[in-house]
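As structure tokens, the structure follows; a few thoughts come after it.
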Amino acid sequence: MNHKVSKKLGAALLAGLMLVSAGCSNSGNNAADSTNGNSGNDTEPVTFTFFGADASPNWNNMQDDVGKEITAKTGVTLQAEFDVGGGGGQDRIAMMAASGEYPDIIFAKGEIGKLVDAEALIDLTDLIDKHAPNIKKVMEGNMNRMKYSKDNEAIYSIPTNVGVGEQKFDATNGFQIQHRVLKELGYPEVRTVKDFENVLKEYYAKHPTTDGQPTIPMTLNADGWKIMITVTNQGDITTGGANDGEYYVNPETYETMLHYKKPEEKEYFRWLNHMYNEGLLDKDSFVQKDDQYKAKISSGRVLGLSSVEWEYQDAENALKSAGKDEYTYAHFPVTLSEEYKDHAMQAVGVDGYGISITTSCEDPVRAIKFIDWLSSEEGQVLRNWGIEGKTYNIENGKRVMPADILDQKVNDAGNFAKNTGVGLYSIFGVRYGDGVKDSTDNYYTTNFPEQILAEYSDAEKESLAAYKATTWKDLFPTEDEFPVKEWGALYNMPVPTDGDYQVIYQKTQDIVHKRIPEAILSSSAEFDKIYDDFIAELNKAGAEKMEKEYTELVKARVSLFTGKDIK
């Protein structure tokens, strides 16, 4: 009995214990030949089931303006479900792979390897070649970057969470400080962790409470995978790393190691330990849940963060909706000391999570044509700007968002997305990035200098002016100070889904999630021993073997992307 058949029989025995609701239009494998499919009239009504590994709290079942227009143009309606647990679809996709039942279309993020191993995804190479001229146009020159790996050059997903030709006009990461804090202290220089600490310490001493509640100088979000965003990744970023997930990659040799092993990184975590012992770091940082963390931020009493805007956006949107712009945040390229540079502006090239068509889809041709239409100029403008006359007008040949619409977009972001659909469909097709213009000499996206400035609050403009900056990007090292990453976005690189790699990786993750908080929350006298034991524990769990395997994967990826012969 082959592995796939035995796997499905095993899944059948578990069926009574599992509730798998992938909502597939067909759970069979009728699309083994990916170029088959009765596509019929390309606007004839059809429903595709879909699962997205990211949450989409404003999804309105395509009853928003953009969704209705997509259906009118393509005939497609999506019966969509999204991850709700914040786990990147991990549990749900594991259940799909075990049961053999899949939605027609899926945005699997980092779980794609499970679906490839389960033979759940169609190789899209021929479909793209025969039926997707818009995808080919957007991805021209980057087709190799869609291939799964050097050993398996099938295209299982089309990268849709990154923009081709992306220019960065603003910075949304670094370390954050409230505008009211900066204003009262005369807009001090914020370049190192010590500068950041001094600002929070001085303001906190003057204002121990905020609106009747205890002021919190700094808080962290360590709920699940969010610990990477606000805690552990910052250890790498503040010490000159390129933010390649759990690893540091030597740009000369492509040798990799868990970034925690960089000697200088220990000093970043020592600083967090110092912040805790000084009473400047929220004592609940490692026990609070995501919603508690966001509630603190939206109350306005958190002075500083070490995050990225999308991670705390909901809380900041609540502050904007309440008219508390001075409680929102400025961004600074904070590092351990001035010898290091924040790599936020470093380009990774065209590489990222993407959309896939599964073997359960009865009409993959129609599905790829749907994705292709969304990848057209018309489809991209619709997804980014909405409907002409509703969310934008044409004035002197230029797309312009009216002031009242812009106000909704900035200050009532949730309802704006839910009603208009603007921004809700970005993952359903390839797209050009910020700064790229279409055939009418208009920007594809709404993120361009004039629009960004129009969306800044008065508090932001005041802070920027004080730092002699136009956007937050002006405070950060520029893109041309770094080479384009030859290995792309490593969060998107396939890794073995079975064998020693996954076992060791999980062991090291468990150690990181236990020992980093322990080190930060220890006494200063205990810190060195805890951190040194932490590194020894990683190695004992097999980290060095895992690092060697990861190094070979990185080298193969550089070879695939660049054509270099890497030894």
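I'm trying to understand the selection: among the residues of segment 70-85, which are within 22 Å of residue 390 (Cβ to Cβ), surrounded by fewer than 20 Cβ atoms within 10 Å (Cβ to Cβ) and in contact (Cβ under 8 Å) with a residue 40 or more places away in the chain?
Within segment 70-85, 73 is the sole residue that qualifies.
Any idea which of 536, 556, 525 is hydrophobic (A, V, I, L, M, F, W, C), touching an Asp or Glu at 6+ places or on another chain (Cβ under 9 Å) and more than 30 Å from residue 330 (Cβ to Cβ)?
On inspection, the qualifying residue turns out to be 556.
Does residue 291 meet the test of being surrounded by fewer than 18 Cβ atoms within 10 Å (Cβ to Cβ) and more than 21 Å from residue 196 (Cβ to Cβ)?
So residue 291 fits the description; yes.
Restricting attention to segment 287-311, and to residues there that are of a type in the set (D, E, K, R) and in a helix (DSSP H, G or I), which single residue is farthest from the chain's Cα centre (by Cα)? Walk me through how you get there before you give the answer.
Initial filter on segment 287-311 (of a type in the set (D, E, K, R)): 289-291, 294, 296, 301, 309, 311.
So of that shortlist, the ones also in a helix (DSSP H, G or I) come out as 290-291, 294, 296, 309, 311.
Details: 290: 16, 291: 19, 294: 18, 296: 23, 309: 11, 311: 9 Å.
Of everything passing the filter in segment 287-311, 296 is farthest from the chain's Cα centre (by Cα).
Within segment 440-449, identify whether any single residue is surrounded by fewer than 16 Cβ atoms within 10 Å (Cβ to Cβ) and hydroxyl-bearing (Ser, Thr, Tyr), and answer yes or no.
yes
Within the set of pairs 6+ apart or on separate chains, which have a first residue in segment 206-217 that is exposed (fewer than 11 other Cβ atoms within 10 Å of the Cβ), a second that is part of a strand (DSSP E or B) and not basic (Lys, Arg), and C-beta atoms under 8 Å apart?
Listed by first residue and then by second, the contacts come to 208/214.
Go over the candidates 161, 221 one by one and state the one that is of a type outside the set (Lys, Arg), over 24 Å from residue 461 (Cα atoms) and at pLDDT below 95.
Only one candidate qualifies: 161.
Checking residue 100 against (1) in contact with a Lys or Arg (Cβ under 7 Å, 6 or more places away or on another chain); (2) within 30 Å of residue 223 (Cβ to Cβ), which single condition isn't satisfied?
(2)
Specify which of the listed residues (422, 436) is buried (at least 17 other Cβ atoms within 10 Å of the Cβ), more than 15 Å from residue 163 (Cβ to Cβ), touching a residue at least 24 places away in the same chain (Cβ under 8 Å) and of a type in the set (Val, Ile, Thr).
After applying the criteria, what remains is 422.
For residues in segment 470-479 being assigned to a helix (DSSP H, G or I) and hydrophobic (A, V, I, L, M, F, W, C), which is surrounded by the most Cβ atoms within 10 Å (Cβ to Cβ)?
Selected residue: 472.
Could you grab me the full set of residues in segment 40-69 that are among the polar types (S, T, N, Q), outside any strand (DSSP E or B) and in contact (Cβ under 8 Å) with a residue 40 or more places away in the chain?
Of everything in segment 40-69, those that are among the polar types (S, T, N, Q), outside any strand (DSSP E or B) and in contact (Cβ under 8 Å) with a residue 40 or more places away in the chain turn out to be 56, 58, 60.
Of all residues in segment 480-505, which are charged (D, E, K, R), part of a helix (DSSP H, G or I) and buried (at least 16 other Cβ atoms within 10 Å of the Cβ)?
Selection gives nothing.
So, in segment 530-567, how many residues would count as being among the small types (Gly, Ala, Ser), in a helix (DSSP H, G or I) and in contact with a Lys or Arg (Cβ under 9 Å, 6 or more places away or on another chain)?
To start, the set of residues in segment 530-567 that are among the small types (Gly, Ala, Ser) comprises 536, 541-543, 556, 559, 563.
Right, trim to in a helix (DSSP H, G or I) and you get 536, 543, 556, 559.
In the following step, the residues that additionally are in contact with a Lys or Arg (Cβ under 9 Å, 6 or more places away or on another chain) were identified as 543, 556, 559.
Selection size over segment 530-567: 3.
Report whether or not residue 101 is touching a helix residue (DSSP H, G or I) at 6+ places or on another chain (Cβ under 6 Å), of a type in the set (Asp, Glu) and buried (at least 17 other Cβ atoms within 10 Å of the Cβ).
no
Let's see how each residue does on (1) under 24 Å from the mean Cα position of the chain (by Cα); (2) of a type outside the set (Phe, Trp, Tyr); (3) within 30 Å of residue 143 (Cβ to Cβ):
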{"position": "493", "(1), (2), (3)": "yes, yes, yes"}
{"position": "504", "(1), (2), (3)": "no, yes, no"}
{"position": "526", "(1), (2), (3)": "no, yes, no"}
{"position": "531", "(1), (2), (3)": "no, no, no"}
{"position": "538", "(1), (2), (3)": "no, yes, no"}
{"position": "546", "(1), (2), (3)": "no, yes, no"}
{"position": "553", "(1), (2), (3)": "yes, yes, yes"}
{"position": "557", "(1), (2), (3)": "yes, yes, yes"}
{"position": "566", "(1), (2), (3)": "no, yes, yes"}
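Among the residues of segment 506-529, count how many are loosely packed, with under 14 Cβ neighbours inside 10 Å, of a type in the set (S, T, N, Q) and in a loop (DSSP other than H, G, I, E, B).
So the count comes out to 2.
Here is a yes/no grid of residues against (1) without any contact (Cβ under 8 Å) to a residue 40 or more places away in the chain; (2) touching a helix residue (DSSP H, G or I) at 6+ places or on another chain (Cβ under 8 Å):
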{"site": "173", "(1), (2)": "no, yes"}
{"site": "188", "(1), (2)": "yes, yes"}
{"site": "191", "(1), (2)": "no, no"}
{"site": "200", "(1), (2)": "no, yes"}
{"site": "204", "(1), (2)": "no, no"}
{"site": "222", "(1), (2)": "no, yes"}
{"site": "225", "(1), (2)": "no, no"}
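Report yes if some residue within segment 391-407 is acidic (Asp, Glu), under 25 Å from residue 374 (Cβ atoms) and either outside any loop (DSSP other than H, G, I, E, B) or free of Cβ contacts under 8 Å to residues at least 12 places away in the same chain (or both); otherwise report no.
Checked against the condition, which is being acidic (Asp, Glu), under 25 Å from residue 374 (Cβ atoms) and either outside any loop (DSSP other than H, G, I, E, B) or free of Cβ contacts under 8 Å to residues at least 12 places away in the same chain (or both), segment 391-407 yields no hits at all.
What about residue 294, is it in contact (Cβ under 8 Å) with a residue 12 or more places away in the chain and either touching a Gly at 6+ places or on another chain (Cβ under 6 Å) or closer than 19 Å to residue 225 by Cβ (or both)?
In short, yes.
What pairs come out if I take residues in segment 349-363 that are part of a strand (DSSP E or B) and pair them with residues that are among the acidic types (Asp, Glu) whose C-beta lies under 8 Å away, six or more apart or interchain?
357/104; 358/104
When you scan segment 45-67, how many residues do you find that are among the β-branched types (Val, Ile, Thr) and surrounded by fewer than 17 Cβ atoms within 10 Å (Cβ to Cβ)?
Summing the residues that are among the β-branched types (Val, Ile, Thr) and surrounded by fewer than 17 Cβ atoms within 10 Å (Cβ to Cβ) in segment 45-67 gives 1.
Restricting the search to segment 248-273, which residues are among the acidic types (Asp, Glu), outside any loop (DSSP other than H, G, I, E, B) and either out of contact with any strand residue (DSSP E or B) (no Cβ under 9 Å at 6 or more places or on another chain) or in contact (Cβ under 8 Å) with a residue 60 or more places away in the chain (or both)?
264, 267
Inside segment 218-227, can you point out the residues that are surrounded by fewer than 20 Cβ atoms within 10 Å (Cβ to Cβ) and outside any loop (DSSP other than H, G, I, E, B)?
Once the filter is applied, which keeps residues that are surrounded by fewer than 20 Cβ atoms within 10 Å (Cβ to Cβ) and outside any loop (DSSP other than H, G, I, E, B), segment 218-227 yields only 226.
State all residues of segment 76-115 that are within 27 Å of residue 229 (Cβ to Cβ), in contact with a Ser or Thr (Cβ under 8 Å, 6 or more places away or on another chain) and not in a strand (DSSP E or B); if no residue qualifies, say none.
Answer for segment 76-115, where residues must be within 27 Å of residue 229 (Cβ to Cβ), in contact with a Ser or Thr (Cβ under 8 Å, 6 or more places away or on another chain) and not in a strand (DSSP E or B): 108, 112, 113, 114, 115.
Does residue 416 count as part of a helix (DSSP H, G or I), among the aromatic types (Phe, Trp, Tyr) and touching a strand residue (DSSP E or B) at 6+ places or on another chain (Cβ under 6 Å)?
Considered against the rule, which asks whether it is part of a helix (DSSP H, G or I), among the aromatic types (Phe, Trp, Tyr) and touching a strand residue (DSSP E or B) at 6+ places or on another chain (Cβ under 6 Å), residue 416 comes out as no.
The values are calculated or read from the model by the stated rules, or taken from the named source; none is laboratory data. Fair warning: this is a prediction, and the values are worked out from it, not measured in the lab. Ideal geometry is used to build each Cβ from the backbone, glycine not excepted, and the neighbour counts take in all protein chains shown.
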